[in-house]
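Notes to accompany the following structure.
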Amino acid sequence: MAYEPQHLKNAPIVEAMIAFDFVVAEGELGQIRRSFIEQIQVEYPVQTPIQKAEVTFNPEGSTGKTNEVGSRCVSTGGKNVCAISEQTFICSRLHPYENWESLQSEFQRLWQVFASFGKVQVTKVAVRYINKILLREGSEIFDSVFTYPKIADGLPQNTFNVFVRLQIAIPEPQGTLIVTEAQLPPEKPQFVAIALDHDLQFPVTEETGDIWALLEKARELKNQYFFASISDELMKEYL
Amino acid sequence: MIPIAPPVLNLVQNDIPAIVCRMDAAQSGFWMQHADVFPKESTSIFWTREAQFRQLTESTRKAKVFEKGWDGYDASAPNDESVTRTLEVLSRVRDSKLSPYSVLPSADGGVGISFRGNANKRAVLELLNDGTASYMLFGKGHPIESSEFNSNTDLPRILQRLEEYL
């Protein structure tokens with residue numbers, strides 16, 4: 001990590017997410033969710049249910065059922081999405097990304113509306129940034145992206161379909177970094193598209209203290225981890 | 001040295017996490033027993049959309065396997081040209097706000113991409129075997145709008161119209 005700019009003007013972020021996991025008293029979530037989505041309907045007019053299908057297979061046949069487990073609300077313009085499921089509250093910002101401040105303030109505003117409808121206890125804080133990185137075809141991957149599978153010398157070296165998922169312990173504050181990398185469909189001649197997805201999750205305990213301070217710490221770490229993951233030369237393309 | 005492979009021509013060479021894992025788990029007894037190591041579901045709009053377009057691309061490629069008369073009448077099977085052009089159109093749709101609902105062979109010979117919007121609004125793009133393309137907007141309580149278009153030059157305008165309508 002030779003240098004660390006504060007803000008990348010052309011950041012390759014395709015989705016930025018802040019999320020809280022939460023618990024509420026049994027039976028209250030449905031009403032809290034309904035009140036919340038009604039409250040934000042003007043700003044987030046496209047509201048669709050999140051459904052969960054469960055299918056059970058057994059020798060006698062199969063049975064299935066579909067349950068509504070949440071709501072997804074999309075803003076006018078389609079760039080901001082708020083999703084509430086059984087235990088997670090998420091705000092997403094899609095491309096083009098603006099900055100942390102606007103995402104964080106929108107998340108905090110919506111969370112405060114949500115939490116005003118009932119007693120909601122936060123159990124996990126998460127920050128997730130998904131980047132789409134274009135690398136020139138034929139270039140050396142490790143010159144640009146530093147976390148990637150190393151293939152044994154005796155194996156053929158031309159990869160054409162890559163999916164990597166790593167779970168890494170974060171020491172302080174204690175948490176988990178989930179790194180997901182995948183090769184994406186081609187979209188620009190002579191270039192290969194790779195998704196670099198960093199999901200930082202921190203359980204909230206009695207010792208955690210202020211959850212908004214924890215969220216700021218998560219932000220610092222996500223910047224640190226991203227800048228440590230790509231080369232200075234690649235980063236210059238996003239300045 | 002790990003050289004990056006050249007991009008593949010079709011869109012389906014690249015899998016997204018959930019699909020890869022489910023396919024592997026379904027085919028392997030070992031992974032069936034260790035299914036809990038896989039990500040369960042994606043909360044990300046980006047990954048959800050990638051998965052959706054991967055499935056649509058698979059459906060488009062599979063359209064080639066239909067045979068003449070597949071609809072019980074005399075419909076032609078989709079030919080290579082209509083499938084290739086549908087893949088091209090899908091890659092453009094992927095960059096728009098639109099979310100296709102399905103890809104199916106067209107009874108007129110070719111491939112159709114369908115869309116579902118609010119208030120029963122529906123749309124279909126058809127890429128036919130003879131090289132022509134058309135769109136139709138329809139739905140209960142909504143007037144029908146349809147026209148042919150040139151898929152090489154008019155697509156941005158047509159996609160914008162679909163975004164407005166749906």
Requested in this report: Find all pairs meeting these conditions: Cβ atoms under 7 angstrom apart; at least six residues apart or on different chains; first residue within region B:106-121 and crowded, with 18+ Cβ neighbours inside 10 Å; second residue hydroxyl-bearing (Ser, Thr, Tyr) and assigned to a loop (DSSP other than H, G, I, E, B).
Outcome: B:GLY109/B:SER76
**Report entry** Tally of residues being at negative phi and under 19 Å from the mean Cα position of the chain (by Cα) across region B:107-148
**Finding:** 24
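Quick one: would you say B:PHE46 is within 14 Å of chain A (Cβ to nearest Cβ) and touching a His at 6+ places or on another chain (Cβ under 9 Å)?
So B:PHE46 passes the test.
Give region B:124-157 a look and list any residue that's outside any helix (DSSP H, G or I), surrounded by 15 or more Cβ atoms within 10 Å (Cβ to Cβ) and either touching a residue at least 60 places away in the same chain (Cβ under 8 Å) or not hydrophobic (A, V, I, L, M, F, W, C) (or both), or say none.
Start the filter on region B:124-157 by keeping residues that are outside any helix (DSSP H, G or I), which leaves B:124-154.
Within this subset, residues satisfying the condition of being surrounded by 15 or more Cβ atoms within 10 Å (Cβ to Cβ) are B:124-129, B:132-139, B:149, B:151, B:154.
Answer for region B:124-157, where residues must be outside any helix (DSSP H, G or I), surrounded by 15 or more Cβ atoms within 10 Å (Cβ to Cβ) and either touching a residue at least 60 places away in the same chain (Cβ under 8 Å) or not hydrophobic (A, V, I, L, M, F, W, C) (or both): B:GLU126, B:ASN129, B:THR132, B:SER134, B:TYR135, B:GLY139, B:SER151, B:ASP154.
Is one or more of the residues making up region A:42-52 at pLDDT 95 or above and either in contact with a helix residue (DSSP H, G or I) (Cβ under 8 Å, 6 or more places away or on another chain) or surrounded by 19 or more Cβ atoms within 10 Å (Cβ to Cβ) (or both)? Explain how you work it out, then say what you get.
Narrowing region A:42-52 to residues at pLDDT 95 or above: A:42-44.
Filter again for either in contact with a helix residue (DSSP H, G or I) (Cβ under 8 Å, 6 or more places away or on another chain) or surrounded by 19 or more Cβ atoms within 10 Å (Cβ to Cβ) (or both), leaving A:44.
Yes, because at least one residue in region A:42-52 is at pLDDT 95 or above and either in contact with a helix residue (DSSP H, G or I) (Cβ under 8 Å, 6 or more places away or on another chain) or surrounded by 19 or more Cβ atoms within 10 Å (Cβ to Cβ) (or both).
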Query raised in the report: For region A:72-87, what are the residues that are away from chain B (no Cβ under 11 Å) and farther than 22 Å from A:GLN201 by Cα?
Result: A:CYS73, A:SER75, A:THR76
Report summary line: Picked from region A:183-206 (must be out of contact with any Leu (no Cβ under 9 Å at 6 or more places or on another chain) and in a loop (DSSP other than H, G, I, E, B)), the residue surrounded by the fewest Cβ atoms within 10 Å (Cβ to Cβ) is A:GLU206
Query raised in the report: Would region A:26-40 turn up any residue that is surrounded by fewer than 14 Cβ atoms within 10 Å (Cβ to Cβ), small (Gly, Ala, Ser) and not in a loop (DSSP other than H, G, I, E, B)?
Result: yes
Query raised in the report: So B:ASP80 fits all but one of (1) of a type outside the set (Gly, Ala, Ser); (2) surrounded by fewer than 18 Cβ atoms within 10 Å (Cβ to Cβ); (3) more than 15 Å from the chain's Cα centre (by Cα); (4) closer than 26 Å to A:PRO96 by Cβ; what number is the exception?
Result: (4)
Report summary line: Matching residues in region A:94-105 (over 13 Å from A:LEU215 (Cβ atoms) and either among the basic types (Lys, Arg) or out of contact with any helix residue (DSSP H, G or I) (no Cβ under 7 Å at 6 or more places or on another chain) (or both)) number 6
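The values are calculated or read from the model by the stated rules, or taken from the named source; none is laboratory data. Please read all numbers here as calculations on a predicted model, not as lab measurements. A quick note on method: Cβ atoms are made from the backbone with ideal geometry, for glycine too, and the neighbour counts reach across all protein chains shown.
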